[in-house]
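This report refers to the structure that appears directly beneath it.
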Amino acid sequence: MNAEPAVQLRLLDLQALDSRLDQIEHRRRTLPALATITDLDGRLGALRDRVVAAETEVADLERTLAKAEADVEQVRARAAKDQELLDSGRITSAKELESLQQEIASLARRQGDLEEAELEVMERLEDARSALGTLTAERDQLTVARETAVAERDTAWGEADRDKEWVGSERSKVLPDIPADLLTLYDKLRADHNGVGAAALHQRRCEGCRMELTPTDIGRIRDAAPDTVLRCEECRRILVRTPESGL
Ligand SMILES: [Zn+2]
């Protein structure tokens, strides 16, 4: 394949721009903020389940407490009513009085038991609310951290997009200078060789694979016509001669 030396140099410009685009893409994909977001999403997901469980426990205990309070209130009301009856002096029968007093005593015991149970539920509810508070605080903290990471990502992506646009416009200026057959070869080699299809020969070294060329290869290159498209014997990339090739 043949191409004028100036066209071959232009191919190096194209390679530089394509490498820049690859770097921008790589930067986009490997942003530390992306790993942070993934990590936080995982932790927030796990936390969400625990928050739901804690909220359920609080709600259950609130219901239990309401029931316990109602139970206490019911016994208290009945005891008050009995006490009122006792104090009214309307009960004159000794047997009935004794029975009423027994009931009041029994209700007092019952009320004591219920209040103890109520207190226990209140303590459990306090613990559950405290646990929920800890979890929601952690969730809020992670949510803020995630928002920060998302903002970082968006800023970096915005910069990358602007860089990409600029490099892309430069690339579109270079592209018309490259003949179709050379471009096809370059694209194929780029796909096969880590994004580098064309490399400069710099100080007798292929910039693509960094190998120093043998004296035989250098001799062969010296003898080659300037418009011959050379290939590196080592990596097969297009090898472009420049004033710094050391020939
Ligand atoms: Zn090479």
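FYI, it's all coordinate maths here, none of it is from the lab. Bear in mind the structure is a predicted one, so any value in this text is a computation, not a measurement. Every residue, glycine as well, gets a Cβ built from its backbone with ideal geometry; the counts of neighbours run over all protein chains shown.
I'm told VAL240 meets every condition in (1) touching a Pro at 6+ places or on another chain (Cβ under 9 Å); (2) away from the ligand (no atom under 13 Å from the Cβ) except one. Can you identify the failing condition by its number?
(2)
Residue by residue through the range 179-191, note down the ones that are aliphatic (A, V, I, L, M) and either over 16 Å from LEU239 (Cβ atoms) or within 11 Å of the ligand (Cβ to nearest atom) (or both).
Correct list: ALA180, LEU183, LEU189, ALA191.
Take the range 191-229 and flag every residue that is touching a residue at least 60 places away in the same chain (Cβ under 8 Å) and in contact with a Lys or Arg (Cβ under 9 Å, 6 or more places away or on another chain).
Answer for the range 191-229, where residues must be touching a residue at least 60 places away in the same chain (Cβ under 8 Å) and in contact with a Lys or Arg (Cβ under 9 Å, 6 or more places away or on another chain): VAL196, GLY197, ALA198, ALA199, ALA200, PRO226.
Within the range 192-230, which residues are away from the ligand (no atom under 11 Å from the Cβ), over 21 Å from ALA3 (Cα atoms) and not in a loop (DSSP other than H, G, I, E, B)?
Hits for the range 192-230 are ASP192, PRO215, THR216.
In the range 27-82, how many are farther than 21 Å from THR143 by Cα and touching a residue at least 24 places away in the same chain (Cβ under 8 Å)?
Of the residues in that region, 17 qualify.
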